[in-house]
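Single-structure report; data block below.
The values are calculated or read from the model by the stated rules, or taken from the named source; none is laboratory data. None of the values given here were measured: they were computed from a predicted structure. Here the Cβ positions follow ideal geometry from the backbone for every residue, glycine too, while neighbour counts run over all protein chains shown. Just so you know, the surface numbers come from the protein's heavy atoms only, side chains and all, with ligands and any DNA or RNA stripped out. Shrake-Rupley method; radii C 1.70, N 1.55, O 1.52, S 1.80 Å.
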Amino acid sequence: MTLRTTIDFLLHDWLNTSALTDRERFADHSRETFDAVLDTCERIARDKYAPFNRLVDVHEPHFDGETVILPQATYDAQKAYAESGMLSAAQDYAMGGMQLPYSVEAAANGFFACASVSIGSGMLTTGNANLLMAHGTALQKEVFAKNEFSGRWSGTMCLSEPQAGSSLSDVATRAVPDGEAYESDALGPRYRLKGNKMWISSGEHELTENIIHLVLAKIPDADGKLVPGTRGISLFVVPKKMVNTQGELTGVRNDVALAGLNHKLGWRGTTNTLLNFGEGKFPVDGAAGAVGYLVGQPGKGLQCMFHMMNEARIGVGIAATMLGLAGYYASLDYAKNRPQGRPITGAGKDASQPQTRIIEHADVKRMLLAQKSYGEGALALELYCARLVDEHHTAGGQAADEARLLLEVLTPIAKSWPSEWCLEANSLAIQVHGGYGYTRDFPVEQYWRDNRLNMIHEGTHGIQAMDLLGRKVLMEEGRGMQLLASRMTATITRAAGVPGLAAHAQALGKALADIGAATQLAWSTGKPADALANAVPYLQAFGHTVLAWIWLDVATAALGADPQRAQMQTQGRLGATQYFFHYELPKIGAWLGVVQTRDATCAAFPEEAF
């Protein structure tokens, strides 16, 4: 099966995305327009991204003292992506968009991640602009978001700081009101920012006319002190180059300076930067301090930024998924063509017989099946979440609210599960290649390096785990968890009557019950420290249970799909489902064991004993 056949099945046979065209927002669309978008993106990814994946890995961005230098291929790819209209695909027609369902947009963007995640596409720019559409003023939308959607400008998110990392409560960047009056004040209350931001993807380049930074900073109180914790964090839009209210560049550089480029294990084609805000290198109107315009209300910046962070977490999940699938396709092709070893017969091996291809060995099939179950299962999960986004935005009433809650619970899984298990898929792809796998003669070592970053991007496993067990399964008196359980139970009921799936349905039912019991036992003392000490094993068990549900639902749909479909496609999905239930789902027992007993081995281990 190709990536396209898998996407087509998931979107149409499983998720029934075409039914969205009955809604007013998507009424101009049809299966044909969805396919046209997928065709276009698949072609651009094949022509402008895939051939240059190794090139951008080897020729990293470098700073010549004036500008960041990138290969021409990166400029060509980014231009083709912007011209495709994908930056504004889900936006209103009035903003230059296509009013495309997010599920179709997410699937289409998958082609670029599979071809070269290192070149990148527009995830941060689109997320930046989407945040402004949700929380910005009318003029901020018109000036900043619209120019980002067109591809004329690009966007970043600036959260982390060198001394704070993921601890946003320790943000030290200061934003002081600018007391002077300027024409551009119509863009929002104007502040001067001073501070440093770290790990800023695409923070400096010449790919677009301007770069729009969304920056978290704290406004000092009357005594000049910063409010402790996250309550004092505000959000500001800080352009690299100053603009007027018509969206025109004024010719003045804002006081945002590149302090250095980070040289990474993977994603080497994308610039990753340390930025200094307000160091005085580019004073605006004769004064130090980067000019920024307040977005939303003072002290509410983190709530605004979560709009972009949650969107980015699904984007990271898709990137991780596509890297896992890229490795799977490469190792599958290698296994089909690499002769090595001979079959074992009753008399042992006969060295005079021709060599067998390695795909004929059971252990190689095991590694390929693992990759298939991780990669295709993760893709199904991501598209399911994307479909929930469409439900949340357009279904209305109870259905929209349920989609919101399900997204809350599933987002930590959508980010973390592919970033762990599709990385494992990349490791298995290297293993299938043997010694060749860790050479640069084959692409699988780069896929692994690129994917290793995704376990850290947009929140580590520890952060996602605490979010899941500490907030998401408890929020609104556990209603999101109950909704998810009801969806799983519906799948179990359908599958229980299907020959070949009944045993899987029973296994999923037990896993769901075990997750519920573990959740209660983890919190039985009422002490967060007790519950969260084993939050990551809980996340892993929860994620595997969710993926088992996804596979069971996909398998049920595969058996009920068009009978003209190629038999091997259905057999492939059923085989991957069986693999996951036989080899993967049983792992949750060990993970839940330490959760249920609130095992203190790690939490109580003395520092000195290390």
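Of note:
- Any chance W523 is free of Cβ contacts under 8 Å to residues at least 60 places away in the same chain, among the aromatic types (F, W, Y) and either within 30 Å of I7 (Cβ to Cβ) or open to solvent by 20 Å² or more (accessible area, probe 1.4 Å) (or both): yes
- Scope the range 330-376; condition closer than 26 Å to I7 by Cβ and of a type in the set (K, R); matching residues: K336, K365, R366, K372
- For the residues G247, G286, the requirement of being surrounded by fewer than 18 Cβ atoms within 10 Å (Cβ to Cβ) and over 22 Å from Q140 (Cβ atoms) singles out G286.
- Taking the listed residues A312, A326, A380, A335, the one that is touching a Pro at 6+ places or on another chain (Cβ under 8 Å), open to solvent by less than 50 Å² (accessible area, probe 1.4 Å) and touching a residue at least 40 places away in the same chain (Cβ under 8 Å) is A326, with no other qualifying.
- Taken over the range 395-424, residues that are of a type in the set (A, V, I, L, M) and either under 24 Å from D22 (Cβ atoms) or surrounded by fewer than 22 Cβ atoms within 10 Å (Cβ to Cβ) (or both) amount to 7.
- Applying the set (1) without any contact (Cβ under 8 Å) to a residue 40 or more places away in the chain; (2) open to solvent by less than 30 Å² (accessible area, probe 1.4 Å); (3) β-branched (V, I, T) to I588 leaves exactly one unmet item: (1).
- Among residues of the range 70-95 that are of a type in the set (V, I, T), those with a beta-carbon under 7 Å from a residue that is crowded, with 17+ Cβ neighbours inside 10 Å and in a helix (DSSP H, G or I) at least six positions away or on a different chain give the pairs T74/V56.
- R471 satisfies every condition listed in (1) within 27 Å of L592 (Cα to Cα); (2) in contact (Cβ under 8 Å) with a residue 60 or more places away in the chain; (3) surrounded by fewer than 19 Cβ atoms within 10 Å (Cβ to Cβ); (4) not β-branched (V, I, T) except (2).
- Residue that is most open to solvent (accessible area, probe 1.4 Å), among those in the range 345-375 that are more than 15 Å from E424 (Cα to Cα), in contact with a Gly (Cβ under 9 Å, 6 or more places away or on another chain) and in a helix (DSSP H, G or I): E360
- Hits in the range 591-602 (condition: touching a Ser or Thr at 6+ places or on another chain (Cβ under 8 Å) and open to solvent by 60 Å² or more (accessible area, probe 1.4 Å)): R598
- Any chance R452 is in contact (Cβ under 8 Å) with a residue 12 or more places away in the chain, open to solvent by 50 Å² or more (accessible area, probe 1.4 Å) and either out of contact with any helix residue (DSSP H, G or I) (no Cβ under 7 Å at 6 or more places or on another chain) or of a type in the set (D, E, K, R) (or both): yes
- Residue match in the range 438-448 (condition: free of Cβ contacts under 8 Å to residues at least 12 places away in the same chain, out of contact with any helix residue (DSSP H, G or I) (no Cβ under 6 Å at 6 or more places or on another chain) and of a type in the set (S, T, Y)): yes
- Evaluation of E458 against the conditions (1) part of a loop (DSSP other than H, G, I, E, B); (2) surrounded by fewer than 21 Cβ atoms within 10 Å (Cβ to Cβ) shows that the sole unmet condition is (2).
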